[in-house]
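All remarks here apply to the structure that follows.
The values are calculated or read from the model by the stated rules, or taken from the named source; none is laboratory data. This structure is a prediction, so every number in the text was calculated from the model and none was measured. When we count neighbours, we look across all protein chains shown, and the Cβ atoms used for this are built from the backbone with ideal geometry, even at glycine. Remember, those area values only see protein heavy atoms, side chains included, never the ligands or the DNA or RNA. Shrake-Rupley method; radii C 1.70, N 1.55, O 1.52, S 1.80 Å.
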Amino acid sequence: MKHIVVLSGAGISAESGIKTFRDADGLWEGHDVMEVATPEGFAANPELVLNFYNQRRAQLNTVTPNKAHIGLAELEKDFKVSIITQNVDDLHERAGSTDVTHLHGELLKARSTFNETDIKTWKTDLNLGDLCKQGYQMRPHIVWFGEDVPMMDKAIKICETADVLIIVGTSMQVYPAASLMHYVPENTNTYFIDPKPNMASSKNITVIAEPATVGVLKLTNILKEA
């Protein structure tokens, strides 16, 4: 069974109504990202940061997976599929995908500020005073700017076993995630789905210049015929 590796980003969830990470003005939901997505921001104003992610978590409960999420999940009928996502939502899982690696953390989890391996499922508001077993404040299980990406080594190993690579919803401009496409075996068939692609089709790269929902449907038809 061929192994398909999917690299997904904000563009795939945008069609479900989740705003992409940064708007053109560099703000995220009206906030400077340095205020709400850095360890320094959390140290300076933890209540602001917790409230920000509480709002994101509440918003996540109002949206559903779209045809792109569902189409990728349905590929599991015919292929081994591993999804490596930069997204912190759970829409891939809700669509039915069973092998999802979150590079930048998960919105529906929280972890101890003392012990980063103390991670809990967290679907309600996270507030000041919510403590781990050792008495330290819990924080969103999100990889903030300036922090290591702990799932990166696992993601690299997954990419090294790819027979087919699909890139969808990400321009592959944010590092270290952007480097992952260079770890797939040489000459791996690669499909890049983006309405405004920043790469061109070549020997091994097929560009599908469509939004994720349209592009994934086109791609599934291509893969079925291959």
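What to note about this one:
- Simple spin-label estimate for MET34 and THR64 gives 4.2 nm between the two label positions (7 Å along the Cα-to-Cβ direction from each Cα).
- Under 18 Å from LYS218, Cα to Cα: aspartates and glutamates that are on another chain or at least 8 residues apart: GLU15, GLU74, GLU76, ASP78, ASP194, GLU210
- Given R0 = 41 Å, the distance between the Cβ atoms of ASN54 and ILE222 translates into a calculated FRET efficiency of 0.50.
- When each of the peptides 71-79, 117-125 is scored by the mean number of other C-beta atoms lying within 10 Å of its residues, the order from highest to lowest reads 71-79, 117-125.
- Scaling against 2.2 N^0.38 Å puts the C-alpha radius of gyration of the range 85-226 at 1.24.
- Per-residue [θ]222 nm for the chain (sum of -39500 (n - 2.57) over DSSP H runs n ≥ 4, rounded to 500): -8000 deg cm²/dmol
- Once backbone amide H atoms are built at 1.01 Å from N, THR206 has THR190, TYR191, PHE192 as its partners under 5 Å, excluding neighbours fewer than 5 places away on the same chain.
- The chain, relative contact order [Cα under 8 Å, separation at least 6], %: 24 percent
- Cross-link pairs exceeding 28 Å between alpha carbons, from the set LYS120/LYS157; LYS80/LYS133; LYS67/LYS123; LYS203/LYS224: LYS80/LYS133.
- Averaged per residue, the chain has 50 square angstrom of accessible surface, using a 1.4 angstrom probe with ligands and nucleic acids left out.
- The portion of the accessible surface of the chain made up by carbon and sulfur, rounded to a whole percent, is 51 (1.4 Å probe; DNA, RNA and ligands excluded).
- Rounded to the nearest 5, the antiparallel percentage of DSSP beta bridges internal to the chain is 30%.
- Within the chain, the selection of entire DSSP H helices by a Cα span of 15 Å or greater along the long axis and an average Kyte-Doolittle value of at least 0.0 returns 212-225.
- For the pair the range 141-166 and the range 72-133, the centres of their Cα atoms are 13 angstrom apart.
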